[in-house]
Amino acid sequence: MRKLWNISLKGLAALLPIGVTIYLIYWLALSAETMMGNLIKLVVDPEYYWPGLGLIAGLIVLFF
């Protein structure tokens, strides 16, 4: 039983940082899309806006 517990903890220690990193990237992408998307919608006509444009704009701002 003790060996099973140790294996479970090692697996959790290996997978938890990966899961947290994936969630953090998802959260950052969603936040960038929301913030930059709202700014872009003020400048660009809604018919020219497509989902993902805010994320691309956020990456461009981050680059500069």
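No lab work stands behind these numbers, since they all come straight from the coordinates. Remember, it's a predicted structure, so these values are computed and weren't measured experimentally. So basically every Cβ, Gly included, is an ideal-geometry build from the backbone, and we count neighbours across all protein chains shown.
Sequentially through segment 29-42, phi angles give Karplus couplings (6.51, -1.76, 1.60; θ = phi - 60°) of 5, 5, 5, 5, 5, 5, 5, 6, x, 5, 5, 5, 5, 6 Hz, Gly and Pro residues having no value and appearing as x.
Below 8 Å between Cα atoms, with a sequence gap of 6+, how large is the relative contact order for the chain in percent?
30
What FRET efficiency do you get for residue 27 and residue 48 if R0 is 35 Å and r is their Cβ-Cβ distance, rounded to the nearest 0.05? All intermediate terms of the calculation are to be shown ahead of the outcome.
Working: r = 27 Å, r/R0 = 0.77.
About 0.85, to the nearest 0.05.
Against the chain, whose longest principal axis comes from its Cα atoms, helix 53-63 is set at around 80 degrees.
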